[in-house]
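I have placed the structure first, in the form of structure tokens, so that the comments after it can refer back to it.
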Amino acid sequence: MKVLVTGGAGFIGSHTVVALVKAGYTPIIIDNFENSDNSVLDGLAEILGAQPLCYEGDCRDGELLSMIFEAHPDLQGVIHFAANKAVGESVKDPLKYYDNNLGSTITLLKAMVHYGVPNLAFSSSCTVYGQPEVLPVTESSPVQAAQSPYGNTKQICEEILQDAVRSGLNLRVLSLRYFNPIGAHESAIIGELPIGPPQNLVPFITQTAVGLREQLSIFGHDYNTPDGTCIRDYIHVVDLADAHVAAIKVLEAKQDVDQYYDFVNIGTGTGSTVLQVVNTFEAVSGVKVNYQLVERRPGDVEQVYAQVDKATNLLGWKTKLTLEDALRDAWRWEQRLAENRADEADEEEDGFMD
Ligand code: UD1
């Protein structure tokens, strides 16, 4: 049972590759390695005992996609992660985001229709809800005007998918609206690899704790929340990966249905403030995080966390891991990266001495 995983060398993609193998699937990766590293493939080989098949290339490359679909006529479905995801960068370079995120989705859909592979799990985001009026956020909460080109690409892709299904094309699609994915594989062999200073909270915390960054800035402390900092729904990436396997199974079970589109929240159902995350991190790691409370970050919503009943009913899935688990695993991963850097520095020094 083969599943194509676009962006399979990325943070969520690589953990989903592991989850697919555990569930008996054969993942096939396509990744352009723009925001991921080749070493992820070695990590996957270490965890899985064999390296998954990986095509290096871009999902906008229709010829490459044709080659892959022709080489694997037994593909059961596709999980589409490949996209740019930095909110700030998308504001500075919107055309890059529209070109890549929309272009890859459209080219992929055309190939899926052409080669008769209907099942697609799409990587969407809770960003489509903006600041919801009612919490927790259910799937019936309205989609709000996007705050950034990145957020807009997720909304537009969902619309493209829905229109394609409505038009009568043979497609069965589930958009998974993730809340905030954090953590790493428990082995600490794969995890998040931010390029440059992290934009997201947890990698910034772990990099500060390990000594790579001097200080964490906590953006905003006058929000209408118990401690004044923003609330998010932080989900362990391993739980999130399992949700994708569940989604593929649901789509496979719908083989008698020619057109299907739905969307579902993927979170824990619990909100945590930024300060709670920092305090929990300190408790599980035993390391104090140097932080300061600063101005709000433009574009941040005050609070957002999921209602997950639909995911439970539709996918038969719910999270198993806690915030503590996620922060402990993120910390192990950061420590492993630090060990690798120290080993590399030693090797360079030895080479220099020779
Ligand atoms: C953002 C996007 C989300 C996207 C995700 C992954 C929005 C509204 N959300 O989530 O769609 O999937 O990034 O890239 O566009 N924080 C600090 N200090 C830091 C970093 C973050 O205090 O150095 C705070 C933020 O203000 C926020 C919380 O931590 O309250 C989480 O921030 P972050 O990890 O960046 O995720 P989101 O902004 O929620």
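Residue farthest toward the positive end of the dipole of the chain, with Cβ of Lys/Arg at +1 and Asp/Glu at -1: which of Ile12, Ala184, Ser123? Highest projection toward the positive end goes to Ser123.
When the pairs Lys92/Lys154; Lys2/Lys110; Lys85/Lys310 are compared against a 22 Å limit on Cα-Cα distance, Lys85/Lys310 fall above it. Maximal additional length on extending the Asp222-Glu63 stretch stands at 52.1 nm, based on 0.36 nm per residue less the C-alpha distance. Dipole magnitude for the stretch 32-185: about 480 debye, using +1 per Lys or Arg Cβ and -1 per Asp or Glu Cβ, origin at the Cα centre.
Note down the magnitude of the dipole of the chain about its Cα centre, charges +1 on Lys and Arg C-beta and -1 on Asp and Glu C-beta and zero elsewhere, to the nearest 20 debye.
Working: 25 positive and 49 negative charges, 278 e Å.
Roughly 1340 debye for the chain.
Is it possible to state the helix-based mean residue ellipticity at 222 nm for the chain, with each DSSP H run of 4+ residues giving -39500 (n - 2.57), the sum divided by total residues, to the nearest 500 deg cm²/dmol? What is it?
Numbers: 12 runs with 149 residues, N = 354.
Result for the chain: -13000 deg cm²/dmol, rounded to the nearest 500.
Round to a whole angstrom and tell me the spacing of the C-alpha centers of the stretch 203-241 and the stretch 267-333. Centre-to-centre distance over Cα atoms comes out at 7 Å.
Bear in mind that the values in this text are calculations on the coordinates, not laboratory data. In this text, all values refer to a predicted model and were calculated from it rather than measured experimentally. Virtual Cβ from ideal backbone geometry, glycine too; neighbours counted across all protein chains shown.
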